[in-house]
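Here the structure is laid out as structure tokens; the discussion comes afterwards.
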Amino acid sequence: MNRILLITVLMLGCVMNAVADHITGGEMFYKFTGMSNGRYEYDVTVRIFMRCNSGRQFNNPTVFSVFYKNTGSRFQDYSVNLNRVEELSQVSDDPCIINPPTVCYEVGYYNFHVSLPGNAAYVIATQVMFRIDGIDNLIPNYDQVGATYAGDIPTDPNNSAHFTGSDLVTVCANNVFKYSFAAEDADGDQLRYSFCNAYRSTGPGGFGGRNEPPPSPPYGSVPYGQGFSGTMPLGPDVTIDPSTGLITGVAPDAGKYVVTVCVEEIRNGQVIAIQRKDLQINITPCSITGAALPPEFMLCGNTMTLSPKNQSTSPLISTYNWEFLDRNGSRLFSSTKPEPSFTFSDSGLYKIRLVINRQQACADSTTSLVRVYPGFVPDFDVTAPCIIRETKFLDETSTSYQADITSWKWEFGDLQNGDDNSTDRNPTYQYRTTGDKEVTLVAENSLGCRDTVTKVVNIYDKPPVGLAFKDTLVCPPDNLQLRASGNGTFLWTSTGQLSNRNISNPFVSPLQTTTYYVDLEDDGCFNRDSVTVRVVDHVTLSLGDDMKACEGDPVEIKSKTDATRFLWTPANTLNSATVRDPIATPVGATTYQLTAFISNCSATESITVTPIPYPVANAGPDTTICFNTHAQLHGTTDGSTFMWTPEFSLQRASTLDPVSVPQSSTTYVLYAFDTKGCDKPGTDTVMVKVQPEIIAFAGNDTSVVVNQPLQMKASGGVIYEWIPSIGLTSNDVADPIAQYAFSPAEGYYTYKVRISNETGCIDSAQVRVAIFNTGPEIYVPNAFTPNNDGNNDYFKVVAPGISKINLFRVYNRWGQLVFDAPPTHSFGWDGSYNGKPLGSDTFVWMVQAVDYLGRKILKRGTVTLIR
């Protein structure tokens with residue numbers, strides 16, 4: 001194979017004709033067709049991927065450019081027409097994938113021929129102005145990052161590597177997946193695969209509203225987001241096999257991710273070309289039922305206990321079978337738990353095997369290595385100068401078992417630059433921007449242990465200078481020590497004298513106000529700061545008027561002074577005796593004295609703080625009332641004014657004796673105020689507890705015949721009193737038995753039952769018992785008027801002596817059933833059928849019942865409905 005056509009298979013989001021929100025990738029490859037007149041002839045194919053149903057069109061034509069590789073100068077531009085469009089689409093029919101997405105692309109083909117003079121290497125390139133919005137492994141909200149497809153053509157004839165893996169791959173978030181980026185090489189060159197940086201666009205190009213030639217190489221990287229890079233486009237849990245191009249691992253969260261794979265074409269031990277495939281992978285929240293484990297578990301830190309977990313969380317998994325094996329395949333431990341735990345007794349290389357759904361649907365199995373070599377600790381140190389100097393990184397990774405550190409992968413956290421990585425042991429890096437940088441080192445040793453350490457490194461624009469104070473005062477004579485901190489060399493300058501200009505903490509003795517400047521130099525980086533020393537001849541001090549405070553409350557004593565040092569007495573009731581404005585909690589009237597200092601000068605003043613008792617507020621004792629009653633409150637106070645809250649359920653709330661009428665239990669607060677010096681109110685609370693409402697019930701009105709026992713049933717309390725007690729076995733229980741030898745003149749008795757709860761609250765209810773001087777009977781009216789006037793609106797049965805009505809039905813004159821009462825029905829028929837009122841007519845009724853003696857009764861008759 002000859003030089004490569006540096007192709008970027010970018011599944012990028014670029015736009016055609018307007019906004020770049022539909023182009024999802026592409027690839028470029030070429031074939032050597034021979035020589036003509038000393039020129040090498042190549043057929044070039046470019047495939048551009050677009051999301052299906054975008055409503056957009058491929059550019060037709062678009063522009064490709066050829067550059068001399070060594071100089072970057074332009075050789076020729078080509079305007080290429082769109083050759084054809086095909087659709088690739090798939091929805092997985094695997095029953096073990098839950099919620100599989102539709103994977104669909106429209107693929108546009110561009111074919112063109114280039115004729116290149118020999119004895120030179122070339123770059124073919126095309127650009128798009130925008131990637132698709134919302135790519136999750138790039139810096140958030142980073143607009144117009146663009147993309148570049150490019151490829152090298154070497155000086156000797158070459159057929160480029162051609163990616164052959166399918167792009168119709170389902171990738172589920174946080175699930176194990178495989179994605180082949182394998183390629184074929186017609187020249188038989190050795191192929192080596194790796195993740196690499198996706199290229200950004202650097203100028204106007206096609207697929208973005210303008211169809212212009214791209215600028216010359218080199219091309220920069222896209223700005224990867226935190227936790228991602230060109231070599232880790234899907235995070236640390238996804239890797240690529242350098243021999244096969246197979247991407248494996250656990251997918252990150254759902255989203256869109258740009259992944260670029262470089263395949264090196266190696267001939268006679270030399271890399272002659274690199275092909276690129278830049279693909280936007282859409283990861284969706286589907287779920288794969290499988291046995292999914294990382295290829296390796298690393299017990300290389302400070303533990304020898306492994307608690308593995310299946311990385312597939314599908315609800316279709318019903319059984320687990322785990323086996324922990326030594327290097328010879330002998331079983332050390334087994335478990336059927338979803339998350340087993342096992343502690344290895346010795347270091348070494350082990351295996352674990354997981355089988356899910358054994359002999360069931362969606363059965364699967366997998367095996368992982370376990371490296372047990374504790375004592376491997378990745379670490380590094382940083383020498384971080386200012387932005388104009390390179391930052392130096394020093395590997396300090398430690399290991400055990402006589403292993404060597406064999407691999408280092410650095411990510412320097414310079415997010416807007418794709419070249420912020422290194423595989424050197426002790427690299428240096430030139431940052432482009434200042435601020436906190438999250439630096440990551442992935443280290444590996446000769447035993448296969450691999451681990452990651454991350455530290456935050458601050459890159460500053462100039463070396464930081466720390467000052468113990470910026471401005472201060474002195475009262476001569478005084479010898480003041482200035483104090484600066486930082487890394488580097490110090491130089492102090494001033495019009496006044498300094499004890500030593502080249503140290504961080506010189507002494508000064510100014511007689512007039514003076515500014516001292518400190519310069520800090522660190523490896524060619526400079527910074528300056530200053531301290532102003534103001535000279536005074538006395539201390540200014542004022543404590544103001546004496547104070548009053550509420551008894552027991554802390555109070556801040558504020559001083560007005562330019563002093564720099566303070567001493568208060570007495571100190572026992574102060575939070576600090578050496579601050580400017582201490583907090584005092586005096587027990588009684590106390591005079592505090594402050595001596596304030598500036599150097600050797602001082603001033604003294606005093607202030608008296610007198611505690612004043614809070615106004616007395618007494619809201620009275622808590623009380624309990626029955627529902628829907630009131631409580632009389634009685635408050636007292638020695639204050640001059642007062643108030644109750646909340647007021648909405650109080651009558652006469654402006655008095656000390658309001659009436660409480662709450663609907664539920666309420667806590668009232670009495671606030672008392674006075675003018676004696678305590679500016680806070682005294683408070684007290686009173687709880688008015690409202691007992692739950694008594695739901696008094698004496699039972700439903702009913703009817704009996706003489707000598708028929710009737711079970712009365714009242715409810716709602718704990719104490720009952722029936723009035724009158726005629727015919728009752730007891731008048732002080734909830735459920736007495738009533739029985740009557742004859743019917744009274746009125747034909748009924750009305751009973752009132754008084755019901756009390758545990759706290760003595762009382763309510764009452766009534767029930768009417770109609771008494772018939774007959775045997776058990778069924779009475780049915782011969783007409784009713786369902787006009788909603790409250791009189792005779794329902795056709796219903798009156799059944800004295802009847803314990804149960806088994807059937808109550810009404811038929812029209814043609815024998816059609818128009819009403820069939822449910823067993824618990826008590827209202828009767830309202831003259832309607834299927835929700836619609838019937839007209840005036842005569843209907844047939846039938847009742848089946850059982851009387852209180854157990855005898856069955858059947859009656860039929862007619863009733864007239866009158867409208």
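The values are calculated or read from the model by the stated rules, or taken from the named source; none is laboratory data. Predicted model only: the values in this text are computed from it and were never measured. Counting neighbours? That spans all protein chains shown, and the Cβs are built from the backbone with ideal geometry, glycine included. Ligands, DNA and RNA are stripped out before the accessible areas are found, and what is left, the full protein with its side chains, is counted by its heavy atoms. Shrake-Rupley method; radii C 1.70, N 1.55, O 1.52, S 1.80 Å.
Data overview
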| read-out | value |
| --- | --- |
| Any hit, segment 206-213, residues being open to solvent by 60 Å² or more (accessible area, probe 1.4 Å), farther than 14 Å from residue 125 by Cβ and modelled with pLDDT of 90 or more | no |
| Where a residue in segment 619-630 is in contact (Cβ under 8 Å) with a residue 12 or more places away in the chain and its partner, wherever it lies, is aromatic (Phe, Trp, Tyr), with Cβ under 9 Å and at least six apart | 619/644; 619/668 |
| Residue in segment 749-763 that is modelled with the lowest pLDDT, counting only those that are buried (at least 16 other Cβ atoms within 10 Å of the Cβ) and of a type in the set (S, T, N, Q) | 757 |
| Hits in segment 690-725 (condition: exposed (fewer than 14 other Cβ atoms within 10 Å of the Cβ) and either touching a Gly at 6+ places or on another chain (Cβ under 7 Å) or farther than 29 Å from residue 827 by Cα (or both)) | 692, 695, 713, 718 |
| Test: residue in segment 410-420 that is assigned to a strand (DSSP E or B), of a type outside the set (S, T, N, Q) and either farther than 15 Å from residue 376 by Cα or in contact with a strand residue (DSSP E or B) (Cβ under 7 Å, 6 or more places away or on another chain) (or both) | yes |
| Residue list for segment 168-198, restricted to those being among the acidic types (Asp, Glu) and either in contact (Cβ under 8 Å) with a residue 60 or more places away in the chain or in contact with a Pro (Cβ under 7 Å, 6 or more places away or on another chain) (or both) | 185, 187, 189 |
| Candidate set from segment 593-625 (those that are open to solvent by 40 Å² or more (accessible area, probe 1.4 Å) and not in a strand (DSSP E or B)); member that is nearest to residue 695 (Cα to Cα) | 622 |
| Test: residue 165 is out of contact with any Cys (no Cβ under 9 Å at 6 or more places or on another chain) and part of a loop (DSSP other than H, G, I, E, B) | yes |
| From 432, 371, residue being open to solvent by 30 Å² or more (accessible area, probe 1.4 Å) and not in a loop (DSSP other than H, G, I, E, B) | 371 |
| Matching residues, segment 85-99, being open to solvent by 40 Å² or more (accessible area, probe 1.4 Å) and assigned to a loop (DSSP other than H, G, I, E, B) | 93, 94, 95, 99 |
| Members of segment 489-508 found to be open to solvent by 30 Å² or more (accessible area, probe 1.4 Å) and modelled with pLDDT under 90, listed by number | 495, 497 |
| Within segment 170-187, tally of residues that are in contact with a Lys or Arg (Cβ under 8 Å, 6 or more places away or on another chain) and surrounded by fewer than 18 Cβ atoms within 10 Å (Cβ to Cβ) | 2 |
| Qualifying residue in segment 461-480 (condition: in contact (Cβ under 8 Å) with a residue 12 or more places away in the chain, more than 30 Å from residue 408 (Cα to Cα) and of a type in the set (Lys, Arg)) | yes |
| Any hit, segment 315-337, residues being open to solvent by less than 30 Å² (accessible area, probe 1.4 Å), without any contact (Cβ under 8 Å) to a residue 40 or more places away in the chain, polar (S, T, N, Q) and farther than 27 Å from residue 454 by Cβ | yes |
| Strands (runs of 3 or more DSSP E) wholly inside segment 769-867 containing at least 1 residues that are of a type in the set (Asp, Glu) | 817-820, 841-851 |
| Selected residue (criterion: nearest to residue 101 (Cα to Cα)) from residues of segment 236-248 that are touching a residue at least 60 places away in the same chain (Cβ under 8 Å) and surrounded by fewer than 20 Cβ atoms within 10 Å (Cβ to Cβ) | 248 |
| Residue list for segment 34-52, restricted to those being open to solvent by 40 Å² or more (accessible area, probe 1.4 Å) and either touching a residue at least 24 places away in the same chain (Cβ under 8 Å) or touching a strand residue (DSSP E or B) at 6+ places or on another chain (Cβ under 8 Å) (or both) | 35, 36, 38, 39, 43, 51 |
| Test: residue in segment 837-860 that is open to solvent by 70 Å² or more (accessible area, probe 1.4 Å), free of Cβ contacts under 8 Å to residues at least 60 places away in the same chain, more than 21 Å from residue 703 (Cβ to Cβ) and in contact with a Pro (Cβ under 8 Å, 6 or more places away or on another chain) | yes |
| Residue tally, condition in a loop (DSSP other than H, G, I, E, B) and either open to solvent by 70 Å² or more (accessible area, probe 1.4 Å) or not aliphatic (A, V, I, L, M) (or both), over segment 653-689 | 16 |
| Qualifying residue in segment 530-538 (condition: modelled with pLDDT of 95 or more, in contact with a strand residue (DSSP E or B) (Cβ under 8 Å, 6 or more places away or on another chain) and either within 23 Å of residue 572 (Cβ to Cβ) or among the charged types (D, E, K, R) (or both)) | no |
| Subset of segment 121-157 (residues that are within 18 Å of residue 30 (Cβ to Cβ), in a loop (DSSP other than H, G, I, E, B) and in contact with a strand residue (DSSP E or B) (Cβ under 6 Å, 6 or more places away or on another chain)) | 154, 157 |
| Single residue of 226, 190 found to be among the polar types (S, T, N, Q), surrounded by fewer than 18 Cβ atoms within 10 Å (Cβ to Cβ) and modelled with pLDDT of 90 or more | 190 |
| In segment 269-279, the residues that are on the phi < 0 side of the Ramachandran plot and surrounded by fewer than 24 Cβ atoms within 10 Å (Cβ to Cβ) | 270, 271, 272, 274 |
| Any hit, segment 771-789, residues being of a type in the set (Asp, Glu), under 19 Å from residue 861 (Cα atoms), open to solvent by 20 Å² or more (accessible area, probe 1.4 Å) and over 60 Å from the mean Cα position of the chain (by Cα) | yes |
| Residue check for residue 455: farther than 30 Å from residue 598 by Cα, in a loop (DSSP other than H, G, I, E, B) and under 39 Å from the mean Cα position of the chain (by Cα) | no |
| The lone exception for residue 410 - which of (1) within 30 Å of residue 488 (Cα to Cα); (2) at pLDDT below 90 it fails | (2) |
| Residue, surrounded by the most Cβ atoms within 10 Å (Cβ to Cβ), within segment 556-589, restricted to residues that are among the basic types (Lys, Arg) and assigned to a strand (DSSP E or B) | 565 |
